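The values are calculated or read from the model by the stated rules, or taken from the named source; none is laboratory data. No experiment lies behind these values; they were computed from the predicted model shown. Quick reminder, even Gly has a Cβ in these numbers, built from the backbone with ideal geometry, and neighbours come from all protein chains shown.
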Amino acid sequence: MSRAIASKTIGKWRIVEADLWDADYLDMLEPAFITFKKDGHGEFRFGCVNAGLDCEYSQTTVHFAWQGFDEMDEVCGDGFAEIFDDGPSAPKSPSTLATRPPSKPKSGSFSAAC
């Protein structure tokens, strides 16, 4: 975990689409999201998947390892996201989710289960 810095990635991002799951699955239990917090932690929830994040930040990038559950199965992975002048990139990993901040639509993504 990194010390708190002023990173553009910090905040709650709405997951709006995914390569492996349709919108109905993503929002099955609640609106899908990923959050990067100032304290170096975060979380995401979509469908029946929920996980905690351990994050390392730069001003425009976050690298994260995650561990959680898909229904009752333990899952884990890692990924990263980068913010450009025109908005967020896809946080990179095996599967892709598009994200946007709650107030301003942008594209993005993050990782899949291990």
Note to self: Just checking: which of the strands (runs of 3 or more DSSP E) contained wholly in segment 1-105 hold 3 or more residues that are at pLDDT 90 or above?
What the structure shows: 33-36, 41-46, 49-57, 61-70, 73-84
Checklist line | Matching residues in segment 38-53 - criterion: being within 13 Å of the chain's Cα centre (by Cα) and under 16 Å from V75 (Cβ atoms) | finding: G42, E43, F44, R45, F46, V49, N50, A51, G52, L53
Check: Which numbered condition trips up T35, out of (1) in contact (Cβ under 8 Å) with a residue 40 or more places away in the chain; (2) within 19 Å of D78 (Cβ to Cβ)?
Finding: (1)
